[in-house]
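Data first, discussion second: the structure below is written as structure tokens.
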Amino acid sequence: MNLRRSLALGAAGLAVTAALSACGLNYPTDRINNLVAGVDYRNGPVDILNAVVVAKGADTGTFVATFVNNSPGKAVSMQTASGDNTSISTVDAPSFTLKPGSMLNLAADKGFPVSGTFAMGQFVNLSFQFDNGETATISVPVVADCGQWAGLDVATPSPGATSSDSASPSTSAAPSDTPSESPSALSCS
């Protein structure tokens, strides 16, 4: 009788332990986890994915992201884009329409220029108004125009583009001067 009772208590203990140690239905591996520097907005019918402002320097850059229309039957148009009038004062965004179930990659479409008072590494606020009444407000990082974002800042002229042609041989030949004179080398190292 003691052996049966011990086995029954052991089995009940295992069942309770298994129930209490379970993670539930929302396992971390079931959640979306994109390891990217850009930010995502997934709170409405239109997703804004891997959003960043790519910049060659301070105060001017190019906004790039991927817009996805998750609606299977309704087209959605972006009507306006704006900054928060603190970090971003001007956003030169054309309106566009996303067909049902489609996406638009602004990196392939040259993005759109933004300007204001911001620096590399800062997060800036942008709002997007869609014709379905949705407003998406996101805080996006300002990243350097190098690495995976190389060449995506089409709004800002390259720093030092004219000075590299006129640099004297003595300043351009010294190895220790090269990193300190190149703004892109400082941003991407």
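Observations
- Filtered residues of the range 116-135 (kept if closer than 18 Å to residue 86 by Cα and buried (at least 17 other Cβ atoms within 10 Å of the Cβ)): 116, 118, 120, 124, 126, 128
- Answer residue from the range 67-90, given it is of a type in the set (A, V, I, L, M, F, W, C) and within 25 Å of residue 123 (Cα to Cα) and is nearest to the chain's Cα centre (by Cα) among those: 67
- Just so you know, in the range 80-95 the residues that are touching a Phe, Trp or Tyr at 6+ places or on another chain (Cβ under 8 Å) and exposed (fewer than 14 other Cβ atoms within 10 Å of the Cβ) include one that is nearest to residue 119 (Cα to Cα), and it is 92.
- Taking first residues from the range 94-119 that are within 11 Å of residue 76 (Cβ to Cβ) and touching a residue at least 40 places away in the same chain (Cβ under 8 Å) and partners that are part of a strand (DSSP E or B) and β-branched (Val, Ile, Thr), the Cβ contacts under 6 Å between residues at least 6 apart in sequence or on separate chains come to 98/76.
- Residue 10 being surrounded by fewer than 10 Cβ atoms within 10 Å (Cβ to Cβ) and either modelled with pLDDT under 85 or farther than 30 Å from residue 117 by Cβ (or both): no
- Hits in the range 41-73 (condition: acidic (Asp, Glu) and touching a residue at least 40 places away in the same chain (Cβ under 8 Å)): 59
- Subset of the range 23-72 that is charged (D, E, K, R) and at pLDDT 85 or above - its residue that is surrounded by the fewest Cβ atoms within 10 Å (Cβ to Cβ): 42
The values are calculated or read from the model by the stated rules, or taken from the named source; none is laboratory data. This one's a predicted model, so the numbers in the text were calculated from it and none came from an experiment. Counting neighbours? That spans all protein chains shown, and the Cβs are built from the backbone with ideal geometry, glycine included.
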